[in-house]
Structures are given as structure tokens and as C-alpha cells.
Amino acid sequence: MGRRVDERFLERWAGAIAGMIGTDEGTLDRWMAVLDLMNRIRKIRPAMSFALDGRYSLEDKTGFFRNLLSESLGRDLPDHEELLLEPLLRENLWEGIPFLQKALETRFDLQAGRVVVEVHSPAPLSPDVQSKITEALLRFVNDGPGRDLAASKSSGQRLSVKPVWKVRPELMAGLEIRIGSRVWDASLAARIRELERQLLKTA
């Protein structure tokens, strides 16, 4: 369907859009909504047939998809959507959308000093518990052992936290925290595994 995207072009493409986003999380969210919508559109055959039809000009295609985004997102449509639409439609780069999403989030995290934290729990957590965990995570990454997680953190900079809540019933109780490749496992399942290891060592 779409052409494989050259990584160097993808970086330049992400850089151009990231420049419009800066460190404003609301703007990032609006761009992510655009990319989510375009990712869904690429799976709709009539829309893709139009996007790839050589009988229509780039201007016609850009206008069509701009109107579609405007109707779907209304005032949440970010400025300068042509930074996405024109390369996408001119070069048929639909396969690059998921990579672009990841690149934008990664750039934003570095620019804004944001740490993405996965919080795994055996059951959904209430908003009150989520709020308390988020406060604890903020202390952890700014004042505790997690200070070394952001290499780009400048002296005196306070990091923000973006928790991603995931439910894993097999944990049974407690929490598992993941930041990048590092894991802090305080679940009941982890304690049982440790007990099994200790029993096997003494058997």
C-alpha cells in the first residue's frame, strides 16, 4: 500500500512537526489525534484509492484530507497540518505513520523532560489511587533512585511523568513499574517466584 519510509527522511519529517509542538502537551495530543485518525483512514479502501489515484492533483488530495480532518476533529485540529499531509500524499508514506507517532512522542519526552512510566496492576486502579501513585512517581524520578533515568535532565530541571496504566491479573496483588528497560516488581507473583527460588536453593 504505502512505500517504506527512509529513516533519515522520517527523522526530518518528525523534526519539522516536533518544532510546531514544542513542549506543549495539549498540542502533542492534538497531533496524536490527527495521526491516529490518518492511521485508521489508511485501512479504508475508498480513501486509499483516492489518495493513490494519479488523476487527482496533490492540491485536490490535500484539500480533501484537510476537510476530513477538520470535520472529524473540529477545533482540535492543530495548525500547519500540511506538514503531515503534503509529504504523506506526495510520496505515499502511509506506512510511516506509526513510526512518525513514536518519533514525535520520543522527541517530546526528551524536549519536555517527561518520563513515560508503565504501571501494571492486577485490577483497574481508582482515580484516587492513580493520583497517589503519580505523585509517588514524580518524587521517584526527581528526588529518588529514578533521577538517573533521564540523561537529558539539566541541573534543577523537574521531570514530569506520564503514567500508562495496564491491567495484568496474573500479578495477583501489588504493582509492577516499568520505566524504559528497567522494572521494579512489587507484585505478589514476584514474591511467590522469589520464594520458589529460595525453596529450590535449600532443597
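Bear in mind these aren't lab numbers, they're just calculated from the coordinates by the rules spelled out. It should be emphasised that the depicted structure is a prediction, and the values quoted were computed from it without experimental measurement. When we count neighbours, we look across all protein chains shown, and the Cβ atoms used for this are built from the backbone with ideal geometry, even at glycine.
Modelling each spin label as a point 7 Å along the Cα-to-Cβ direction, I'd like the E82/V167 distance in nm, to one decimal.
Here the answer is 4.6 nm between the modelled labels.
Would you please report the Å³ per residue occupied by the convex hull of the alpha carbon atoms in the chain?
Details: hull volume 37.3 nm³, N = 203.
So the per-residue hull volume is 184 Å³.
Once amide H atoms are built 1.01 Å from N in the peptide plane, which residues 5 or more positions from V117, or in another chain, come under 5 Å H to H?
The answer is K162, V164.
Once the Cβ-Cβ distance between T202 and R182 is put in as r, and R0 is 25 Å, what FRET efficiency do you end up with, to the nearest 0.05? The partial results should precede the final answer.
Numbers: r = 30 Å, r/R0 = 1.18.
With a Förster radius of 25 Å, E is 0.25.
So between L110 and R75, what do we pick up on full extension, going 0.36 nm a residue minus the alpha carbon distance? Display every interim value, and only then the final one.
Working: separation 35, 0.36 × 35 = 12.60 nm, distance 2.73 nm.
In short, 9.9 nm is gained.
Can you give the FRET efficiency for R12 and D143, using 1/(1 + (r/R0)^6), R0 = 41 Å, r = Cβ-Cβ distance, to the nearest 0.05? Walk me through the intermediate numbers first.
Numbers: r = 37 Å, r/R0 = 0.91.
The pair R12/D143 has a calculated efficiency of 0.65.
Using the basic label-point model (7 angstrom from Cα toward the beta carbon), what is the E194 to R45 distance in nanometres?
Label at E194, label at R45, 5.6 nm between them.
If we sort 112-118, 63-69, 124-130 on the protection proxy, mean other Cβ atoms within 10 Å, highest first, what's the order? Please list the in-between numbers first.
On the way: 112-118: 17.9, 63-69: 15.7, 124-130: 11.1.
Order by mean packing, descending: 112-118, 63-69, 124-130.
I'd like the distance separating the alpha-carbon centroids of the stretch 5-67 and the stretch 155-203, in whole Å.
If you average the Cα positions of each part, the centres end up 37 Å apart.
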